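S.K.: Sharing a structure with you now.
The values are calculated or read from the model by the stated rules, or taken from the named source; none is laboratory data. Just so you know, these numbers come straight off a predicted model, no measurement behind them. Cβ coordinates were reconstructed from backbone atoms using ideal geometry, including for glycine residues, and neighbour counts include every protein chain displayed. We work out accessible area using only protein heavy atoms, side chains counted, and drop any ligands, DNA or RNA first. Shrake-Rupley method; radii C 1.70, N 1.55, O 1.52, S 1.80 Å.
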Amino acid sequence: TKGTDVPRCVETFDEASFPGYLTRDLKARESFKAPSAVQSQAWPVALSGRDLVAIAETGSGKTLSYVCPVIVHVNAQPVLGKGEGPIALVLAPTRELACQIELEVATFAASSEVKHVCVYGGVPKPPQIRALKTGQSEICVATPGRLIDFLDCGVTNLKRASFVVLDEADRMLDMGFAPQIRRILNKVRPDRQILMFTATWPREVREIARDFLKTDPVEIRSGGAG
């Protein structure tokens, strides 16, 4: 880890100090006995409100590193009003990854009835538009291109978005999404918290981190990645 006053890691689910409903869901997974390395470091950082850069390999358990703090954050915010966009935004490079992330969100959001939506390209827009307009979804998992379409058309907005996750940030930039990511982050409220997960640490990713993360984010490297 790098950073000032980095929170201490946790070694068990109980040490993470999640609400009871979330701790019970974590313990209910038979194959999940303890936090992974990246989870043990990321959970305390995310719950403390700090911005985070996590350089971690695929398969390190990074998805739950942010899904659990996202749910806690959403449940601590005022209820969404009519016409308000999501409280938490998770950006992913591909439809496949976005769907995998939403599946994890659905698993752990059910116990506290947090609503969520997944938007991505390559499929008809109307069902996603209805979900965004009528569902009052607190968590939105999205690919950058489709989300930009909906923001430009006024289908949704990011005025309430106070928690943002960039998953596989290096891959999104490799796919040419840098302009879209910058446009999206410029529409998010300035007091947001940002968690960035990446397998490598190229110049383009460092520039996004420098421009949009708060001063002195915590940096985690896990599994020899980067």
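S.K.: Between region 117-137 and region 169-215, what is the separation of their alpha carbon centroids in Å?
M.R.: 24
S.K.: Using a Förster distance of 35 angstrom, determine the FRET efficiency expected from the C-beta separation of Ser48 and Lys27, and round it to 0.05.
M.R.: 0.95
S.K.: Given the chain, what count of lysine pairs have C-alpha atoms under 25 Å apart, with each pair 8 or more places apart or on different chains?
M.R.: Taking the chain as the scope, the lysine pair count is 24.
S.K.: Please give the length that would be gained between Lys115 and Thr134 if that part of the chain were fully extended, namely 0.36 nm times their separation in residues minus their C-alpha to C-alpha distance (nm, one decimal).
M.R.: That pair, Lys115 and Thr134, stretches by 5.7 nm at full extension.
S.K.: Next question. Taking H as built 1.01 Å from N, whose amide H comes closer than 5 Å to the amide H of Phe163, not counting residues under 5 places away?
M.R.: Hits under the 5 Å cutoff: Leu89, Gln193.
S.K.: Say R0 is 22 Å: what FRET efficiency, to the nearest 0.05, do Lys159 and Asn186 get from their beta-carbon distance?
M.R.: The formula returns an efficiency of 0.95 here.
S.K.: Give the calculated FRET efficiency between Thr200 and Arg95 to the nearest 0.05, with a Förster radius of 22 Å applied to their Cβ-Cβ distance.
M.R.: About 0.50, to the nearest 0.05.
S.K.: Contour minus end-to-end for Glu11 and Thr58, with contour as 0.36 nm per residue of separation and end-to-end as the Cα-Cα distance?
M.R.: Here the segment from Glu11 to Thr58 would lengthen by 14.8 nm.
S.K.: While we're on this one: In whole percent, how big is the carbon plus sulfur part of the accessible area of region 1-80, probe 1.4 Å, protein atoms only?
M.R.: 48
S.K.: Same structure, new question: Using the Cα centre of region 88-136 as the reference point, and only Cβ charges (+1 on K/R, -1 on D/E), how large is the resulting charge dipole? Debye, rounded to the nearest 20.
M.R.: Using only the charged Cβ atoms, the result is roughly 300 debye.
S.K.: Counting only DSSP beta bridges with both residues in region 17-156, what percent are antiparallel, rounded to the nearest 5?
M.R.: The antiparallel proportion sits near 0 percent.
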